[in-house]
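Input: a single structure, listed below in structure tokens.
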Amino acid sequence: MRPMTRGEAAVRASGRTAIEAIGLGRRHRRRWVLRDCTFRLPAGRICALVGPSGAGKSTLLSLAAGLTRPTEGSIRVRGEAPATAQARPVVAHLAQDKPLYRRLTVAETLELGRALNPGRWNGRYAERLVDDGEIPLGARVATLSGGQRTRLALALAFAKRPELLLLDEPLADLGPLVRHRIAALLLAEAAEHGTTVVLSSDLLAELDGVCDYLLVLRDGRVRLAGEVDDVIGAHALVMGRHRGPGLPPEVAAHPVVEAQLSGPRFTALVRRDGRVAAGPWETAEPSLEELLLGYLRAPGAPELIAPSAEPVSAPPRRRPGHNPGIPGMPRNGPPRPAWLPGGRESPPRGTERTRHDHHSGKGAAA
Amino acid sequence: MTSTAHLGASGHERTADTPERPRPTGGRGPLGGLVWLVWRQHRLVFGVLLAAAAGGAVWCAVLRGRMAAFIDAHHIAGCSQISLVARCSDTQGPVTAFRDAYNPSMKLAEAGLVLLPVLVGVFLGAPLIARELEAGTHKLVLSQSVGPLRWLAAKTALPAVVVVAAGALMSAAYTWLWQVGGDEVSGAYWYSTLGFNSLGPVPVAYALLGLAIGTLTGLLLRRTVSAMGVTLALMALVQYAFAVLRPHLLPLATAKFGNSEPTQVADSSWLVDQGYYTTSGERLPEVPCRPDQDFDGCLRQHHVAGQYMDHHPASDHWPLAFFEAGLVLALAAVLTVLAFRVMRRRHG
């Protein structure tokens, strides 16, 4: 489903950084909503920002949009601090609640876009998007349906011609048909201009095929970051029968992200440490959804920042070269001794506990 | 789905990379655009305010004409109900009739001018930012190309202009009316709390203060209703504090009268304090003498030399009014600067 133009746009934009966060943290009253966030998002990608609600997704997007300021650490957008005159015109942010002035008409809302984005606004494009959604220009925003409002809000964001588009759950609360159309619109827009898009979502199924970059947050920390192909290739889904009380040792030799045991059968998501040895089990590449569910259900899973998501300004930790990744190779550089032994022995990795409760509600429903 | 994608993409091809030039009619910079937005958002309140000011001004002008005619017809200019001025003898009847006819209207006008700053603070200032924060629409504006400080500048400047225009119109009209019917003849003296707050620069300054208090509390509290309540309370507090402080803003004039002299300052003077003074110059606000038991002897016993009256003559009115208005404006300016600092700290 990924259009061809996406690849071209990505190549065109490659090498530049859209967002770089180093040690980013944000505290709300006494609670850290986001902590120790370090990652890099190259320009030209469509990045899925995934995590259960309360994981810090909206906070991260607000920080990138310059709506809030970090409590600690730093975030840079195209090399600039977000709330600057250089960054503002090229970043568009659509908050989760899709804020619009309810008393303004559709035409006045577009006029707002024109008035507040001098020199950047593409009015004909915005009107076309609105017409395409069959939204009457004279209608007041308060009278529009949820889908129409989302489309208008997106038109406002697109017509600004941003280089970085931050969308906080743009597709939630929409019917499946509208969701499909708007996702297509988003892809077309991003493909055409090489726009970097960060898309937060609870719905896992809608992300597959849309996104080529992944950022998974849980409890305010980055659990997983990197190219989708990269990240998927670093994992294996192993299914089969087990004889002992836990996973077979050949499987448990790899860092286990999540394991479920039901009767004699087991399903384990492991981070591949070389090849998974043969045995009475099947090894497959997990789908994006399986991978995300695994990480969302297992709070103790070791974090994985793929080389493609490492900040360039941070001290390098990794192997030389920037080869985007060979499937089957550990994406995380040399294994860190800190988590390796723990990964094999600690209970959540599947040896002693026989059954996992599903931790997070929303994502699992998708 | 693919067809939508195609539509979206082809829409681009036609208009790609040609950001629209500003229309001839809408050729405004970013601040101009913000001014349009702020006007559009608050045009109802602005309209009500300006219409009320225009209506009030017309009403004051009509009232002034009728009052002037009445005063001329009965020759009661400068006469109070009980007057020592010779030409005002036998004017008690007409003055009473005048007061019965016009005092309720003057009180109404004064009440309107005293309420104006409170209403501005509660219904324009408090919701100005709080409603945006409550509805999340500040995120919409701050996601556009303009920064938060420019936004706040437009958000406060345009209402300030409208408030100054409406306040100045109403205040000027009432002051004009008061010049014929104020002080002695109506008993609406310049130093009455309502009167002082309605004349000259004072209501305009308070209206700007109301706007500043409302804006800052809305920004800090982020809730429209609580910001309205706090604004109301703060405005009442500030008005009360200034009412207490007002006589002491400028030095008082002191009139001294010997024991046998009649104690009297002009009707238009604001009597702030009075009492007795002794031969050594000491002031006795109270003397323990009773008028029915050898009052003079008692006074002598306490070495009382006469009485004093601390007052502001009518000539102090405008200096006092401008001084107080200046203080109020300075307070409003400080609060506005604070609002900008809060905005900058919060949203950069």
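The values are calculated or read from the model by the stated rules, or taken from the named source; none is laboratory data. Just so it is clear, the structure is predicted and the values come from calculations on it, not from any experiment. Quick reminder, even Gly has a Cβ in these numbers, built from the backbone with ideal geometry, and neighbours come from all protein chains shown.
Which residue, of B:Q179, B:Q92, B:Q144, is of a type in the set (S, T, N, Q), free of Cβ contacts under 8 Å to residues at least 40 places away in the same chain and within 14 Å of another protein chain (Cβ to nearest Cβ)?
Matching residue, one of B:Q179, B:Q92, B:Q144: B:Q144.
For region B:302-326, filtered to residues that are out of contact with any Asp or Glu (no Cβ under 9 Å at 6 or more places or on another chain), in contact (Cβ under 8 Å) with a residue 60 or more places away in the chain and surrounded by fewer than 19 Cβ atoms within 10 Å (Cβ to Cβ), the residue that is nearest to B:A255 (Cα to Cα) is B:P313. With the structure loaded, tell me whether A:R31 is within 13 Å of chain B (Cβ to nearest Cβ) and surrounded by fewer than 18 Cβ atoms within 10 Å (Cβ to Cβ) or whether it fails that test. It is false that A:R31 is within 13 Å of chain B (Cβ to nearest Cβ) and surrounded by fewer than 18 Cβ atoms within 10 Å (Cβ to Cβ). Within region A:58-69, if we keep just the residues that are under 16 Å from the mean Cα position of the chain (by Cα) and of a type outside the set (A, V, I, L, M, F, W, C), the residue that is farthest from the other protein chains (Cβ to nearest Cβ) turns out to be A:T59. For region B:66-94, which positions are within 19 Å of B:L177 (Cα to Cα) and either surrounded by fewer than 17 Cβ atoms within 10 Å (Cβ to Cβ) or of a type in the set (F, W, Y) (or both)? Correct list: B:R66, B:A68, B:A69, B:F70, B:D72, B:A73, B:H74, B:H75, B:A77, B:G78.
Scanning region A:238-250 turns up no residue that is within 30 Å of A:K57 (Cβ to Cβ), surrounded by fewer than 23 Cβ atoms within 10 Å (Cβ to Cβ) and not polar (S, T, N, Q). A count restricted to region B:122-169 and to residues that are under 27 Å from the mean Cα position of the chain (by Cα) and closer than 15 Å to A:N117 by Cα stands at 1.
The condition (being modelled with pLDDT of 90 or more and either more than 9 Å from chain B (Cβ to nearest Cβ) or part of a strand (DSSP E or B) (or both)) is satisfied by just one residue among A:A92, A:A153: A:A92. When region B:256-270 is filtered for residues that are of a type outside the set (K, R) and surrounded by fewer than 16 Cβ atoms within 10 Å (Cβ to Cβ), the ones remaining, listed by number, are B:G258, B:N259, B:S260, B:E261, B:P262, B:T263, B:Q264, B:A266.
Per-residue answers, yes or no, for (1) in a helix (DSSP H, G or I); (2) over 26 Å from the mean Cα position of the chain (by Cα); (3) modelled with pLDDT under 90; (4) closer than 30 Å to B:A168 by Cβ:
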residue	(1), (2), (3), (4)
B:G297	yes, yes, yes, no
B:R300	yes, yes, yes, no
B:A305	no, yes, yes, no
B:F323	yes, no, no, yes
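Table: residues versus (1) within 29 Å of B:W318 (Cα to Cα); (2) modelled with pLDDT under 95.
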residue: B:S198; (1), (2): yes, yes
residue: B:V202; (1), (2): yes, no
residue: B:A205; (1), (2): yes, no
residue: B:L219; (1), (2): no, no
residue: B:T224; (1), (2): no, no
residue: B:A227; (1), (2): no, no
residue: B:V230; (1), (2): no, no
residue: B:A233; (1), (2): yes, no
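Among the conditions (1) farther than 30 Å from B:L211 by Cβ; (2) at pLDDT below 90; (3) not basic (K, R), B:H311 misses just one, which is (2). Checking each residue in region A:113-150 for being part of a loop (DSSP other than H, G, I, E, B) and within 11 Å of chain B (Cβ to nearest Cβ) picks out A:N117, A:P118, A:G119, A:R120, A:W121, A:N122, A:G133.
Screening A:A81, A:A92, A:A126 for residues that are closer than 25 Å to B:E132 by Cα and in contact with a Pro (Cβ under 9 Å, 6 or more places away or on another chain) leaves exactly one candidate, A:A92. Any residue at all in region A:103-112 that is surrounded by fewer than 18 Cβ atoms within 10 Å (Cβ to Cβ), more than 11 Å from every other protein chain (Cβ to nearest Cβ) and under 29 Å from A:L292 (Cβ atoms)? Checked region A:103-112: no residue is surrounded by fewer than 18 Cβ atoms within 10 Å (Cβ to Cβ), more than 11 Å from every other protein chain (Cβ to nearest Cβ) and under 29 Å from A:L292 (Cβ atoms).
Within region B:81-138, how many residues are among the hydroxyl-bearing types (S, T, Y), farther than 24 Å from B:W59 by Cα and part of a helix (DSSP H, G or I)?
1
Filtered by the rule that a residue be within 11 Å of another protein chain (Cβ to nearest Cβ) and at pLDDT 90 or above, region A:70-88 gives a lone residue, A:P70. From the list B:L44, B:L63, which one is out of contact with any Cys (no Cβ under 9 Å at 6 or more places or on another chain), surrounded by 13 or more Cβ atoms within 10 Å (Cβ to Cβ) and under 25 Å from B:Y174 (Cα atoms)? B:L63 is the lone residue from the list that is out of contact with any Cys (no Cβ under 9 Å at 6 or more places or on another chain), surrounded by 13 or more Cβ atoms within 10 Å (Cβ to Cβ) and under 25 Å from B:Y174 (Cα atoms).
Number of residues in region B:120-142 that are more than 14 Å from B:L219 (Cα to Cα) and touching a Gly at 6+ places or on another chain (Cβ under 9 Å): the value is 3.
Would you say B:V287 is in a strand (DSSP E or B), in contact with a His (Cβ under 7 Å, 6 or more places away or on another chain) and surrounded by fewer than 18 Cβ atoms within 10 Å (Cβ to Cβ)?
The answer is no for B:V287.
For A:E250, the conditions (1) at pLDDT 85 or above; (2) over 27 Å from A:C211 (Cα atoms); (3) of a type in the set (D, E) all hold with the exception of (1). One residue stands out in region B:95-141 among those that are surrounded by 19 or more Cβ atoms within 10 Å (Cβ to Cβ) and among the charged types (D, E, K, R): the one that is nearest to the other protein chains (Cβ to nearest Cβ), namely B:K139.
Only one of the listed residues (B:G326, B:G297) is over 30 Å from B:S145 (Cβ atoms) and not assigned by TED's automatic domain parsing to the domain that holds B:V185. That residue is B:G297.
What residue, of A:L164, A:L177, is among the aliphatic types (A, V, I, L, M), within 13 Å of chain B (Cβ to nearest Cβ) and surrounded by fewer than 22 Cβ atoms within 10 Å (Cβ to Cβ)? It is A:L177.
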